[in-house]
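Novice: After the structure tokens below, expect a handful of questions from me.
The values are calculated or read from the model by the stated rules, or taken from the named source; none is laboratory data. Here the structure is a predicted model, which means the values were calculated and not measured. So basically every Cβ, Gly included, is an ideal-geometry build from the backbone, and we count neighbours across all protein chains shown.
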Amino acid sequence: MMEPGLYHILFISTALFFIGVFGFFTRRNLITMLMSIELVLNSVNLNFIAFNKYLWPHKLDGLFFAVFVIAIAAAEAAVAIAIIINLYRSHQSIDVENAEEMKF
Amino acid sequence: MLAALTLVSGVLAVTSRQIFRSAIFLLFSLVGIAGLFFWMQYDFIAAVQIVVYVGGITVLIIFSIFLTQQAGELLPKQKISRQVFAALAVFCGFALTLLQLCRHTFKATTDQPLLPTVSNIGDRMLSTEENGFALPFEVVSILLLAALIGCIVIALRSKPVTV
């Protein structure tokens, strides 16, 4: 068993990214789609941190990008959930199939 | 071990048919990622991950599940063709990315590492010189303010519709 390094972390984050994409393709419920997006953003964070640690340890750029991605993900989740709850109030459903018209 | 926890619970999160269970699996996956950050000795970012994702976003998602879903109701089964095509596309993308990853070799710098301690992070975050992140910091704070106001506006507008 070799010492885990950059490639292992990149493998994990690639797998996580495509798990998120798979969920985004197959799910038709807005909340589960939001959860898939969270998985994708997390894999990107993992990538940023791994590159920062293994390739450019003299700077902290990757860490800051991860922090900003987390902040933006939090804002996005809050706004998305507000929209979802609004949609549920007006449509009684949060399937994307049932939200066809762009007005409420 | 941590990687296995993260990946397995990630897979379960996107395939479980009970929405509440899938939220709980998402929580485990996020905890696994925080563990990976700890393992890479990025303590600050791991703490931020736990506080924001595990403590904030997952709780928000679970609340919205409670608000919008009848408890214990299974999600409708997906069309098998859609699942097959999604799996195919995802597998192709995964294979392509791994191929690129195996062919590419990364060159690491040999400079003196700057340890990701909290004081270093704070210095960098608010310095206005080169390699400083004061401007993105301000931009993100404006964005968070905008998101707050946007949430309030969205929540207010629905009042006349429901009443």
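Novice: For segment A:1-43, which residues satisfy the criterion of being assigned to a helix (DSSP H, G or I) and closer than 22 Å to B:LYS107 by Cβ?
Specialist: The answer is A:LEU6, A:TYR7, A:HIS8, A:ILE9, A:LEU10, A:PHE11, A:ILE12, A:SER13, A:THR14.
Novice: Specify the residue that is nearest to A:LEU63 (Cα to Cα); the eligible residues are those in segment B:97-114 that are of a type outside the set (S, T, N, Q) and not in a helix (DSSP H, G or I).
Specialist: B:LEU114
Novice: Of all residues in segment B:99-151 being among the basic types (Lys, Arg) and farther than 16 Å from A:PHE64 by Cβ, which is farthest from the other protein chains (Cβ to nearest Cβ)?
Specialist: Of everything passing the filter in segment B:99-151, B:ARG103 is farthest from the other protein chains (Cβ to nearest Cβ).
Novice: Do we have B:GLN49 as surrounded by fewer than 16 Cβ atoms within 10 Å (Cβ to Cβ), outside the structural domain of B:LEU144 (by TED's automatic domain parsing) and under 19 Å from A:LEU34 (Cβ atoms) here?
Specialist: Judged against the criteria, B:GLN49 is not a match.
Novice: Write out, first by first residue and then by second, each pair whose Cβ atoms fall under 7 Å of each other, whose residues are 6+ apart or on separate chains, and whose first residue, in segment B:103-131, is among the hydroxyl-bearing types (Ser, Thr, Tyr) while the second is not in a helix (DSSP H, G or I).
Specialist: B:THR109/A:LEU55; B:THR109/A:TRP56; B:THR109/A:HIS58
Novice: Please work out if B:ARG21 is within 10 Å of chain A (Cβ to nearest Cβ), of a type in the set (Lys, Arg), out of contact with any Asp or Glu (no Cβ under 7 Å at 6 or more places or on another chain) and without any contact (Cβ under 8 Å) to a residue 60 or more places away in the chain.
Specialist: No; evaluated as a whole, the condition is false for this residue.
Novice: If you take the residues of segment A:46-64 that are more than 22 Å from B:ILE50 (Cβ to Cβ) and assigned to a helix (DSSP H, G or I), which of them is farthest from the other protein chains (Cβ to nearest Cβ)?
Specialist: Restricting to residues being more than 22 Å from B:ILE50 (Cβ to Cβ) and assigned to a helix (DSSP H, G or I), the top hit is A:ASP61.
Novice: Just need a number here: residues in segment A:17-45 that are in contact with a Ser or Thr (Cβ under 9 Å, 6 or more places away or on another chain) and among the charged types (D, E, K, R).
Specialist: Of the residues in segment A:17-45, 2 are in contact with a Ser or Thr (Cβ under 9 Å, 6 or more places away or on another chain) and among the charged types (D, E, K, R).
Here is a yes/no grid of residues against (1) in a helix (DSSP H, G or I); (2) out of contact with any strand residue (DSSP E or B) (no Cβ under 9 Å at 6 or more places or on another chain); (3) of a type outside the set (Gly, Ala, Ser):
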| site | (1), (2), (3) |
| --- | --- |
| B:LEU30 | yes, yes, yes |
| B:GLY55 | yes, yes, no |
| B:ALA95 | yes, yes, no |
| B:PRO116 | no, yes, yes |
